[in-house]
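First up is the structure itself, then whatever we jot down about it.
The values are calculated or read from the model by the stated rules, or taken from the named source; none is laboratory data. Quick caveat: nothing in here was measured; it's all calculated off a predicted structure. Ideal geometry is used to build each Cβ from the backbone, glycine not excepted, and the neighbour counts take in all protein chains shown.
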C-alpha cells in the first residue's frame, strides 16, 4: 500500500491518498499487439475476442515482478478486409496504449468483410510502426489470428519474422481452423522464428460463460465505482460516458464478461489520468492548480475553495478504494466458484478459444521473463 501526501499552503489542511498497487513509470512493460483477420469468415473470431479481452487484461494485471505490477500496453490492427483502403488492406486501430476503454471501443467497432489476408504485411507494419520499448527487461508480444495461408501477399514472412526476432518481439500465431491445416498453411512455421507459440482454435464456437452467484453483486458495485470518476477538461464528460458505453458493450456479451471488466477496473492497469481528476491528482499526472487556472474543473467543483475541492477528490478516492476492494473480494469468490464448476466438466469438452490461447502463451512468456503469475 502506497500513500500520497498532499501538503497544502498555509490555511489549508493536509491529507493522504491510499491506493492499490499501481505500475509506475519505471515498471516493466508488457506490450501486446493483436492483429485480427477481419475477412468475411472471421465474425466468430471477433466475438471470441470481445468475450475474453477483459480476462486477458486481468491475467496481465495480476502478474508481478519483485512485488511490482507491470505496465500493460495494447495495440490493435485489422487486416484482410476490402473495406480497409490502404496498401495490403492493413489498418492500425491503436498504437501501443494503456487506455483500456479505447482498446475495448476499437475492438467492439471491428466489422468483417471479404478481402485478401496478407499476414506478413500486417506483421511488418506492426513491427516497424508501433512504438516498441527498447528496454531488454520489457516484454514485446504479437498475436496474429486468421485462417488463410500464412505466406500470401508480396512480403516474405520469414524475412519479417527474423526482423521481429532481432527486436526481441515474440510472434505467436492463432490459426482459425484444424491444427493440421494450420501447419500445412505455414502458421506453425510462422511461430518458430521468434520462439513464439502456435495455436489452432474453432473460431465459430461461442465462448462458454459460467454464470455465478456473484455476478449481479459485482455489477451493482461496478455501477457505484463509476460514480467515483470526476471528469475534467474538454473530454471529461465524453470519457465518462465512454466508460459507461464500454460497460454496456461488455454486458452485451454476458454477465461473465461485465464481471471480468469490473475486475479489470479494480486492478492496477485501469488508470484514467487523462480525464479523471482523482487518478490525475493521485498519480501526479496533473496539477489541481493548473486545472483551476485553465478553468477545466467539472461543474460540481467550480467556484469552490481549493481545500473543498481537494476534500471532494479525497472522498471520491476513498469511495473508489472501497468499491475496488469489494470487487476484488467478490471476484475472488467468483473465480473460486468457476474453478469448482470447471472440475465438474469433462476435459474432452474443453476447447481452445482466442482468449485461452493468448492467456496460455502470455503466462508462459511472463514466467520465462521472471514474472510471478497468480
Verdict on residue 244 being modelled with pLDDT of 95 or more and surrounded by fewer than 19 Cβ atoms within 10 Å (Cβ to Cβ): yes
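At pLDDT 95 or above, surrounded by fewer than 22 Cβ atoms within 10 Å (Cβ to Cβ) and under 19 Å from the mean Cα position of the chain (by Cα): does that describe residue 264?
no
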Any residue at all in region 218-234 that is farther than 27 Å from residue 36 by Cα, touching a residue at least 60 places away in the same chain (Cβ under 8 Å) and either assigned by TED's automatic domain parsing to the domain that holds residue 61 or out of contact with any helix residue (DSSP H, G or I) (no Cβ under 9 Å at 6 or more places or on another chain) (or both)? yes
From the set of residues in region 57-82 that are within 11 Å of the chain's Cα centre (by Cα) and part of a strand (DSSP E or B), which is nearest to residue 111 (Cα to Cα)? 76
Picking from 160, 210, the residue that is touching a residue at least 12 places away in the same chain (Cβ under 8 Å) and buried (at least 18 other Cβ atoms within 10 Å of the Cβ) would be 160
Yes/no for residue 330 being in contact with a strand residue (DSSP E or B) (Cβ under 7 Å, 6 or more places away or on another chain), assigned to a helix (DSSP H, G or I), in contact (Cβ under 8 Å) with a residue 60 or more places away in the chain and surrounded by 18 or more Cβ atoms within 10 Å (Cβ to Cβ): no
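What helices (runs of 4 or more DSSP H) lie completely within region 193-302 and have 2 or more residues being within 18 Å of residue 323 (Cα to Cα)?
215-226, 236-252, 255-265, 277-282
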Is there a residue in region 169-178 that is in a loop (DSSP other than H, G, I, E, B), modelled with pLDDT of 95 or more and closer than 30 Å to residue 68 by Cβ? no
From the list 131, 85, pick out the single residue that is over 22 Å from the mean Cα position of the chain (by Cα), surrounded by fewer than 17 Cβ atoms within 10 Å (Cβ to Cβ) and free of Cβ contacts under 8 Å to residues at least 60 places away in the same chain. 85
Test residue 224 against the stated conditions and say whether it is on the phi < 0 side of the Ramachandran plot and touching a strand residue (DSSP E or B) at 6+ places or on another chain (Cβ under 8 Å). no
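Restricting attention to region 104-119, which residues are surrounded by fewer than 23 Cβ atoms within 10 Å (Cβ to Cβ) and not in a loop (DSSP other than H, G, I, E, B)? Give the derivation first.
Pass one, region 104-119, residues surrounded by fewer than 23 Cβ atoms within 10 Å (Cβ to Cβ): 105-116.
Listed by number, the residues that qualify are 105, 106, 107, 108.
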What number of residues within region 89-103 are in a helix (DSSP H, G or I) and surrounded by fewer than 19 Cβ atoms within 10 Å (Cβ to Cβ)? 1
Grab the strands (runs of 3 or more DSSP E) fully contained in region 1-56, keeping just those with 1 or more residues being in contact with a strand residue (DSSP E or B) (Cβ under 7 Å, 6 or more places away or on another chain), over 26 Å from residue 174 (Cα atoms) and modelled with pLDDT of 75 or more. none
